[in-house]
Amino acid sequence: MASNGPMLTERRNSAGEYLKFLHAWIRKPRQTASIVPSSPYLGRMMARQIDPQGGPVMEFGGGTGALTREILATGLPVSDLEVVEIDPTFARNLRRHFHGVKIIEAPAQSVLAEAQGGAGAYQCVISGLPLLAMSKTLQKAILAEAFKLLQPGGSFIQFTYSPRPPLADSVADALDLGVDRVGTIVRNVPPATVFRYRRAADIAAVDRPAASL
Ligand SMILES: C[S@@+](CC[C@H](N)C(=O)[O-])C[C@H]1O[C@@H](n2cnc3c(N)ncnc32)[C@H](O)[C@@H]1O
C-alpha cells in the first residue's frame, strides 16, 4: 500500500503548530504578536540570505520553528545554528524537534553571554521577533546585541507585516545601520516583507568601487 504517512504527519504537525501559536498568543499577545507561524515561503526568503558554508547563524524568536526548518534546509550544519526563544514552552518544543541545534531560553537583548560562538562570530541573525510592537528602547537593545554577535559585514534579517522597515529611524541612526528591502511574500498570513540591516560602514565598503579601495 502506498504510504501517505509523512504527509499526514506533516498536516498533523502544522495543525499542532497553529494550536501552540494560538495558545502562546492568548498567554502573551504582545510577545508572540501573531496567531499563526510564518509560511515556508517567508522562511525560504529569509534563509536565502545565509551562506551554508559561511559559519554560525543565530535565530531570534524561534517560536514553533517555522524559520528554523528553512534555515536548516539550506544545508547549514545543525552545529552552526543557535536559536533564542524567550517562551519556555516554545523553547522546550524546539529542543525536542531540532536535535543538535543549541536552543537558548533567554531574551534576545541579553543573549551574548550564552552564545556559543561569542562576539563577532555570526554571519547572520535571522529574526522573527515582533520588532514593530516593541518600544524603541527594546528595539535598540536587541539590535545592539545582534550587532555584537555579528562578524564584520554580517546581516540582521527581519520580517515584518508592514511594507516599511520595522526599526524606528532614530534607532537605526543611533546604531549607524543601513537597511534594504529583500522582498515581499504574499503567500504568508498576513503578507510579510523581509528587510536586511547592515552596518552603514559595511554597506559603504561594498558599494565603493574597487579602484578607490
Ligand atoms: C511572531 S513570533 C515568530 C515565531 C517564528 N519565528 C515564526 O516566524 O513563525 C515571535 C517569537 O519571538 C519570541 N520572542 C518575543 N520577544 C522575544 C525576546 N525579547 N527574546 C526572545 N524571543 C522573543 C516569541 O515568544 C515568539 O516565539
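Cβ-Cβ distance below 6 Å, separation of 6 or more or different chains: which pairs start in the range 145-171 with a residue that is part of a strand (DSSP E or B) and end on one that is at pLDDT below 95 and surrounded by fewer than 20 Cβ atoms within 10 Å (Cβ to Cβ)?
Gly153/Asp202; Thr160/Leu132
Every residue, every condition in (1) modelled with pLDDT of 95 or more; (2) closer than 22 Å to Ala33 by Cβ; (3) touching an Asp or Glu at 6+ places or on another chain (Cβ under 8 Å); (4) surrounded by 12 or more Cβ atoms within 10 Å (Cβ to Cβ), yes or no:
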position: Leu129; (1), (2), (3), (4): yes, yes, no, yes
position: Ala144; (1), (2), (3), (4): yes, yes, no, yes
position: Lys148; (1), (2), (3), (4): yes, no, no, yes
position: Pro163; (1), (2), (3), (4): no, yes, no, no
position: Val171; (1), (2), (3), (4): yes, yes, no, yes
position: Val179; (1), (2), (3), (4): yes, yes, no, yes
position: Arg187; (1), (2), (3), (4): no, yes, no, no
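Please count how many residues of the range 75-92 are within 10 Å of the ligand (Cβ to nearest atom) and closer than 18 Å to Gly16 by Cβ. Can you show your working first?
Step one: list which residues in the range 75-92 are within 10 Å of the ligand (Cβ to nearest atom), which gives 83-91.
Then drop every residue that is not closer than 18 Å to Gly16 by Cβ, which leaves 85, 87-91.
Within the range 75-92, residues that are within 10 Å of the ligand (Cβ to nearest atom) and closer than 18 Å to Gly16 by Cβ number 6.
Mind checking which residues of the range 54-80 are within 11 Å of the chain's Cα centre (by Cα) and of a type in the set (A, V, I, L, M)?
Answer for the range 54-80, where residues must be within 11 Å of the chain's Cα centre (by Cα) and of a type in the set (A, V, I, L, M): Val57, Met58, Ala66, Leu67, Ile71.
Looking at (1) over 20 Å from Gln31 (Cβ atoms); (2) within 16 Å of the ligand (Cβ to nearest atom); (3) surrounded by fewer than 18 Cβ atoms within 10 Å (Cβ to Cβ), can you tell me which one Phe98 breaks?
Tallying (1) over 20 Å from Gln31 (Cβ atoms); (2) within 16 Å of the ligand (Cβ to nearest atom); (3) surrounded by fewer than 18 Cβ atoms within 10 Å (Cβ to Cβ), Phe98 fails exactly one: (3).
For the range 116-135: of the residues being farther than 18 Å from Ala168 by Cβ and outside any strand (DSSP E or B), which is nearest to the ligand (Cβ to nearest atom)?
Ranking the candidates gives Gly128 first.
Show the residue pairs that are 6+ apart or on different chains and have beta-carbon atoms under 9 Å apart, the first residue being within the range 82-102 and within 19 Å of Cys124 (Cα to Cα), the second being exposed (fewer than 15 other Cβ atoms within 10 Å of the Cβ) and among the acidic types (Asp, Glu).
Going by the 9 Å Cβ cut-off, the qualifying pairs are Glu82/Glu114; Val84/Glu114; Lys102/Glu114.
For the range 25-42, name all the residues that are without any contact (Cβ under 8 Å) to a residue 40 or more places away in the chain and near the ligand (Cβ under 7 Å from one of its atoms).
Pro37
Exactly one of these conditions fails for Asn13: (1) modelled with pLDDT of 75 or more; (2) under 20 Å from Ala73 (Cβ atoms). Give me its number.
Here Asn13 clears every test but (1).
Inspect the range 58-74 for any residue being within 13 Å of the ligand (Cβ to nearest atom), within 21 Å of Cys124 (Cα to Cα), aliphatic (A, V, I, L, M) and part of a loop (DSSP other than H, G, I, E, B) and give the result as yes or no. I'd like the intermediate steps shown before the answer.
First, the residues of the range 58-74 that are within 13 Å of the ligand (Cβ to nearest atom): 58-71.
Add one more test, that the residue is within 21 Å of Cys124 (Cα to Cα), and what stays is 58-71.
Cutting the leftovers down to aliphatic (A, V, I, L, M) gives us 58, 66-67, 71.
Next cut, part of a loop (DSSP other than H, G, I, E, B) only: none.
No, because not a single residue in the range 58-74 is within 13 Å of the ligand (Cβ to nearest atom), within 21 Å of Cys124 (Cα to Cα), aliphatic (A, V, I, L, M) and part of a loop (DSSP other than H, G, I, E, B).
The values are calculated or read from the model by the stated rules, or taken from the named source; none is laboratory data. This one's a predicted model, so the numbers in the text were calculated from it and none came from an experiment. When we count neighbours, we look across all protein chains shown, and the Cβ atoms used for this are built from the backbone with ideal geometry, even at glycine.
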